[in-house]
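Notes for the one structure printed next.
The values are calculated or read from the model by the stated rules, or taken from the named source; none is laboratory data. Because the structure is a prediction, the values reported are computed rather than measured. Note that each Cβ is placed from the backbone with ideal geometry, even for glycine, and that neighbours are counted across all protein chains shown.
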Amino acid sequence: MRLFIPGPTEVHPDVFAAMTHPQIGHRTPPLHDLVARVTPKLRRLFGTAGDAFTSTSSASAVLEATVRNLVRKRALALVCGEWSERWAVMAERNGVAVDRLSVPLGRVHDPADVSKALADGRYDAVLMVWCETSTGVLEPLADLVAAVRAHDDVMVCVDAVSALGGVELDVDRLGVDVCVAGVQKAMAMPPGLAVFTVSERALARARTIDARGYFVDFVAFHENLARDETPTTPSTAHLYALDVALDRIETEGMPARAARHRAMSERCREWAADRFGLFGDPAAASPTVTCLSNPDGVDLAGFLAAVRSRGYWLGGGFGELKGRTFRVGHMGEHTLDDVEALLAAMDDARRSGAA
């Protein structure tokens, strides 16, 4: 069964093999060597000269920690789908004041609206999801970050979970304060590890907040990274896999990798145009996941089952779009040839009467 869901995705055998490395102590020289080897490669992927961390957790743990570490007054959540809404809910459940700046599903935010929302100085952090996996749109990150950075003392917090490794990124150039991703999507690793960056000014903010939590305390991560360690026991198996996965990314090169992801996205959208429909703003289409609509009322459950019977697993609609859309995750190790094989299987499922 080939996974074309919006993550987890396919993992190269070399990455899996790295996870069988013999166990090591997490406060020993072999661990220090591993962290020292991984960290510079992680910095290059994010585009930062600053701190780049790993957390043995899902990315959600670090997204939740972000609001605990950085929000002193009030957060503004840029909501455009299920995952950006969840970040706002995380803030609320941690007792953090948050307001939503929402757009219709399938749309992206206008930087001018963000600037207007920040004008009165109520907020000291903005939460944004770069690739909204539920709708298949990619927010205009550079323009949104610029709009936020025009307001002093407002932290820029970015969920790059389904974009990192598939879209080029430079957090230092953009001015992102915290950037969080999981490894199970475009980085093409098994789930269980989060990676993230924290800027100097974000670290300074965290030092002023006492109730910033324990498991993902940005200050503790910074202090431990200076010793090439993590604050709590890491999954060393995932760190060995990360080492290999980052080598694969660097061997391909991010410009070429990003171009491959764009080509897969364009081919999926081309196929969908005269068979189903495309959900969301086509000008904001994600390079890593395509969301397809269902204007003709096809039995999507039957169609997806027929595709699975041909060896391919697609993603159904998510959140409010459940039953109305389906999604193709074309990310990580997938190639254009893999996508062509998937599309052929989808066409065969359609001809069989499943759609």
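Is at least one residue of region 1-20 outside any loop (DSSP other than H, G, I, E, B), assigned by TED's automatic domain parsing to the domain that holds residue 139 and among the basic types (Lys, Arg)?
Scanning region 1-20 turns up no residue that is outside any loop (DSSP other than H, G, I, E, B), assigned by TED's automatic domain parsing to the domain that holds residue 139 and among the basic types (Lys, Arg).
Which residue, of 112, 147, is closer than 19 Å to residue 202 by Cβ and either in contact (Cβ under 8 Å) with a residue 40 or more places away in the chain or assigned to a helix (DSSP H, G or I) (or both)?
Every option except 147 fails the conditions.
Identify, please: which residue in region 119-144 is among the acidic types (Asp, Glu) and in a loop (DSSP other than H, G, I, E, B) and is, among those, surrounded by the fewest Cβ atoms within 10 Å (Cβ to Cβ)?
Here the residue is 120.
Does residue 100 satisfy the criteria of being modelled with pLDDT of 95 or more, farther than 30 Å from residue 312 by Cα, basic (Lys, Arg) and in the same structural domain as residue 240 (by TED's automatic domain parsing)?
yes
Which of the helices (runs of 4 or more DSSP H) found entirely inside region 186-274 contain at least 1 residues meeting this: closer than 30 Å to residue 294 by Cα?
In region 186-274, the matching helices (runs of 4 or more DSSP H) lie at 254-273.
Only residues that are of a type in the set (Gly, Ala, Ser) and either assigned to a loop (DSSP other than H, G, I, E, B) or in the same structural domain as residue 183 (by TED's automatic domain parsing) (or both): list them for region 288-309, please.
Answer for region 288-309, where residues must be of a type in the set (Gly, Ala, Ser) and either assigned to a loop (DSSP other than H, G, I, E, B) or in the same structural domain as residue 183 (by TED's automatic domain parsing) (or both): 297, 309.
So which pairs qualify, if the first residue must be in region 32-60 and under 16 Å from residue 194 (Cβ atoms), the second must be assigned to a helix (DSSP H, G or I) and hydroxyl-bearing (Ser, Thr, Tyr), the Cβ gap must be under 6 Å, and the two must be at least 6 apart or on different chains?
52/39
Going by the conditions given, is residue 2 over 19 Å from the mean Cα position of the chain (by Cα), charged (D, E, K, R) and surrounded by 14 or more Cβ atoms within 10 Å (Cβ to Cβ)?
It is true that residue 2 is over 19 Å from the mean Cα position of the chain (by Cα), charged (D, E, K, R) and surrounded by 14 or more Cβ atoms within 10 Å (Cβ to Cβ).
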